[in-house]
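Below is one structure; the comments refer to it alone.
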Amino acid sequence: MEPRKTSSNIVAHLCMYLAATSWGLMAPIGKDAMMHGITGLDMVFFRVAGAAVSFWIASLFMQFFNRAGIQKKDAQGQSQKPPRKDILKFAAAGFFAIVCNQCCFTVGLSITSPINASIVATSLPIFALISSAIFLREKVTLQKILGIGLGLSGALMLVLGSASANNAKAGNIVGDLMCMASQCSFAIYLGLFKNLIGKYHVVTCMKWMFTFSTLMVAPFTLGGVASIPFAEIAPVTWAETGFVVFGGTFVAYLLMARAQKALRPTVVAMYNYVQPMTSVVVSVIAGLAIFGITHGLAILLIVAGVYTVNSAKAKK
């Protein structure tokens, strides 16, 4: 039993590392695609609609996921079929978790540095704690307040640094604020829909949430997508877009779901730090961004804040 458990933990750590790396790569890769003919709103549609199709196809193979050990079943061992009232709740969940979250992040990424976007993304646990305190009545201790203060000061330093930057590669204040808004939106989703999401497997949740989200974003994005000069877009740009849709969204969510079955939430949260490190290395090598002292200090403050919050939860 012990060797089997150890093996399962190793697989879980590997899955979580690959998921975090995919999210870290998504910022520079998506940024490059949006610099070569794909607008931010175009990317939103491709990501949302593409993920919806992917999760619906995946739902047809739920038996496979069950054998892989990541499928939840009901008491009778059958695949989950949400009642109509829960399906409608998925529409509201999709609005916060996908429409607002991905629209703000993707459009923000299109005008700011991929390094800034990734650093801001690591502040999610800070906003999640605030959301939990508001919606789930989670107790806020002095240590958690200290962690929130550290994390927000790092995010604020990043935003103020962007405001004074003359180079778009160093950041853009509007883009940074949009990326921050995306984390706030996702934190609201975590607080409001925790019980709903806990009832179903990730494929079941995501196929409905992405479907409703596609219907919501389509009226605002289809016009732009229809006007794309598809023949003029380079194959590498389409490949980058495909990675954002399939690797950074669909595959990453499945890997995270597999990891969450064996790892504690605090351990999963620590992998959030892989994102900015991956994004920094790739962005600087590709010449998409500039890494300066402000970025380093912001990372340290946000990491310290998230660690302080997580350690307070672990003690509890």
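Throughout, read-outs are computed from the coordinates displayed, never taken from laboratory work. Nothing here was measured: the structure is a model prediction, and the numbers come from that model. Quick reminder, even Gly has a Cβ in these numbers, built from the backbone with ideal geometry, and neighbours come from all protein chains shown.
A simple spin-label model places pseudo-atoms 7 Å from Cα toward Cβ; at residue 174 and residue 232 they are separated by 2.3 nm. Here the Karplus relation 6.51 cos²θ - 1.76 cosθ + 1.60, evaluated at θ = phi - 60°, turns the backbone of the stretch 126-140 into coupling constants of 5, 5, 5, 5, 4, 4, 5, 5, 7, 8, 10, 6, 5, 5, 9 Hz, with x for every Gly and Pro. Per-residue Karplus couplings for the stretch 178-195, computed as 6.51 cos²θ - 1.76 cosθ + 1.60 with θ equal to phi - 60°, are listed in order as 5, 5, 5, 4, 5, 5, 4, 4, 5, 5, 4, 4, 4, x, 7, 10, 4, 5 Hz, Gly and Pro entered as x. One Cα centroid belongs to the stretch 90-112, the other to the stretch 191-239; the line between them spans 10 Å. Rounded to the nearest whole Hz, the Karplus-based 3J(HN,Hα) values (6.51 cos²θ - 1.76 cosθ + 1.60, θ = phi - 60°) of the stretch 204-211 follow the sequence 4, 4, 5, 5, 6, 5, 6, 5, with x at glycine and proline.
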